[in-house]
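Data first, discussion second: the structure below is written as structure tokens.
The values are calculated or read from the model by the stated rules, or taken from the named source; none is laboratory data. In this text the structure is predicted, and so the values were computed from the model without any measurement. So basically every Cβ, Gly included, is an ideal-geometry build from the backbone, and we count neighbours across all protein chains shown.
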Amino acid sequence: MPVDATTAYLPLLRRIHWATAVLFIAAMLIGLYCGLQPPGTSPRRELLEVHKSLGMTLLFLSVLRLMVRLATKAPPEPSSFGFLVLLAARLNHVALYAILFAMPLTGYAFSSAGGYSLKYFWIFSWPRLVADNPVIAHAGEVSHDMLAWFVYAAVALHIAATLWHAVVMRDGTLARMWPRSGNLSSQTTDRVQRPERFT
């Protein structure tokens, strides 16, 4: 189904969405791999630094994304969406937003309170706001590990729903967020409007 400028998301939001998707999947796969390797070994140590750096990047991308969403209006939903589809989409999006904030924060709590490295891509180190606190470190570790299972489920559901809309329904849902070139930036999608709902 063709999607015009009035039903597509802002170009900035589309760029943030796909940058988030790439970094999120990369961080998830690195974290999954590191979890299968013995502690203290290489390349586990180096990959964990990348994993944590990607997590902090995602945290700030999520803050930017939320700010843009609060300042703009989502395009109208496809008319083919029923109540249950809309409800499922909203619940999945809320879960993803929560995960994008919770995973980096619990990871930071674990690393900071546990005395682990807080380097950002070997460029600088984040401030250690909580130091030498075994209780917070344990809580951060357990929360981070438990949330990982919700990450796998939410991502799987999001991808499955995207494929369902694109292959089965063919209702243009994917095209609303698909990156594109051309002159859409001068059309309706670029006009900032007040929000009605989250995506």
(request) Could you tell me whether Ser62 is closer than 23 Å to Arg176 by Cβ, touching a helix residue (DSSP H, G or I) at 6+ places or on another chain (Cβ under 6 Å), in a helix (DSSP H, G or I) and not charged (D, E, K, R)? (result) yes
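Given the residues Leu48, Leu70, which is the only one that is crowded, with 17+ Cβ neighbours inside 10 Å and over 23 Å from Ile159 (Cα atoms)?
The unique qualifying residue is Leu48.
Report, by residue number, each residue of region 73-104 that is surrounded by fewer than 16 Cβ atoms within 10 Å (Cβ to Cβ), assigned to a helix (DSSP H, G or I) and without any contact (Cβ under 8 Å) to a residue 60 or more places away in the chain.
Phe83, Leu84, Leu86, Leu87, Leu91, Ala98, Phe101
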(message) Any residue at all in region 152-171 that's within 25 Å of Pro76 (Cα to Cα), in contact with a helix residue (DSSP H, G or I) (Cβ under 7 Å, 6 or more places away or on another chain) and outside any helix (DSSP H, G or I)?
(response) yes
(request) Among the residues of region 121-144, write down those that are within 9 Å of Ala109 (Cα to Cα) and within 23 Å of the chain's Cα centre (by Cα). (result) Ala139, Gly140, Glu141
(message) Out of everything in region 127-144 that is in contact with a Phe, Trp or Tyr (Cβ under 6 Å, 6 or more places away or on another chain) and closer than 17 Å to Ala27 by Cβ, what residue ends up being surrounded by the fewest Cβ atoms within 10 Å (Cβ to Cβ)?
(response) Glu141
(message) Need the failing condition index for Val68 against (1) at pLDDT 95 or above; (2) farther than 26 Å from Leu129 by Cβ; (3) β-branched (Val, Ile, Thr), just the number.
(response) (1)
